[in-house]
Amino acid sequence: MHVILIGPQGSGKGTQSERIRSQLNLTSIATGELFRSAIKDGTELGKQIQLIYDRGELIPDHLTVALVEERIANLAREQERGSPLVGALYDGFPRTYGQADALDRLLADRGEAVTSVIAIDVPRETLMRRLAGRRVCAVCGRVYNVDFDPPTIDAVCDTCRGPVLQRADDTQEAVGKRLDLYELETAPLVERYAEEGILTRVDGDRVIDSVTDAIVAAIQERIPVVATRGR
Ligand SMILES: [Zn+2]
């Protein structure tokens, strides 16, 4: 089973991804983590990625896809050896139409397909409050939120008494720009998967447990569809 999780920063995607992986026995295929581990392992791909990072450029699709392909092959090998993993949860991938095409091809080569795509919906005002309300202790790095989880004394860290500040990329303006970019990049992908009939939109503006339950239910609902495709 191949599940794609889509959601903007502040939607709780990271938390949900962890919970869903452990509940459904899925391995994580997250591009950020793939890049870091390739660099750490010093693989040929890792060296290429390091060079691109050093130049401050974006990792091109073909390298990202090559890493994903490697992980899918690893997963298949682990499953053959009796691993209890039942599939993969994709996080941060695909990001573009080209990457989505590549993933479809990779899976088709194995007689498989994307099982379901979950989009976590959170109203923009809520995302703005969650992200622009973020404050971080300059000394110990503890994270606060002025609306939901403020320090006891204004702007003073509960843990270490250090100054609690807003980072430059958490200002209203910076957060707004990131959310705009997200919309621009992912809206066409969401539309694509909706047309393919494999998209479920989940309301992410609720308590964490309810969101997890809704996502798990949506994923389980799609599993019989794969079986009838005769894979
Ligand atoms: Zn602190």
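The values are calculated or read from the model by the stated rules, or taken from the named source; none is laboratory data. These numbers come from a predicted model, not from an experiment. Every residue, glycine among them, receives a Cβ derived from its backbone with ideal geometry; neighbour counts consider all protein chains shown.
I'm trying to understand the selection: among the residues of the range 61-105, which are modelled with pLDDT of 95 or more and among the aromatic types (Phe, Trp, Tyr)? Once the filter is applied, which keeps residues that are modelled with pLDDT of 95 or more and among the aromatic types (Phe, Trp, Tyr), the range 61-105 yields only 90.
Anything in the range 29-41 that is buried (at least 17 other Cβ atoms within 10 Å of the Cβ) and small (Gly, Ala, Ser)? List them, or say none.
Of everything in the range 29-41, those that are buried (at least 17 other Cβ atoms within 10 Å of the Cβ) and small (Gly, Ala, Ser) turn out to be 30, 38.
State yes or no: is residue 108 more than 16 Å from the ligand (Cβ to nearest atom), modelled with pLDDT of 95 or more and not in a helix (DSSP H, G or I)? Here the answer is no, as residue 108 does not meet what is asked. All conditions but one from (1) touching an Asp or Glu at 6+ places or on another chain (Cβ under 9 Å); (2) at pLDDT 90 or above apply to residue 32; the one that does not is (2). Contact map, the range 147-167: residues that are at positive phi paired with residues that are within 8 Å of the ligand (Cβ to nearest atom) and not in a loop (DSSP other than H, G, I, E, B), Cβ distance under 7 Å, separation 6+ or inter-chain. Pairs shown: 155/164. Checked against the criteria, residue 194 does not count as of a type in the set (A, V, I, L, M, F, W, C), closer than 30 Å to residue 101 by Cβ, modelled with pLDDT under 95 and under 21 Å from the mean Cα position of the chain (by Cα).
Pairs meeting the criteria (first residue in the range 5-24 and of a type in the set (S, T, N, Q), second residue in a loop (DSSP other than H, G, I, E, B), beta carbons under 6 Å, at least 6 apart or on different chains) are 11/122; 11/204.
Taking residue 227 and the conditions (1) exposed (fewer than 15 other Cβ atoms within 10 Å of the Cβ); (2) hydrophobic (A, V, I, L, M, F, W, C); (3) at pLDDT 95 or above, which numbered condition does it fall short on, given that it satisfies the others? Going through (1) exposed (fewer than 15 other Cβ atoms within 10 Å of the Cβ); (2) hydrophobic (A, V, I, L, M, F, W, C); (3) at pLDDT 95 or above one by one, residue 227 breaks only (3).
Within the range 77-91, the set of residues being under 17 Å from residue 31 (Cβ atoms) and assigned to a helix (DSSP H, G or I) is empty.
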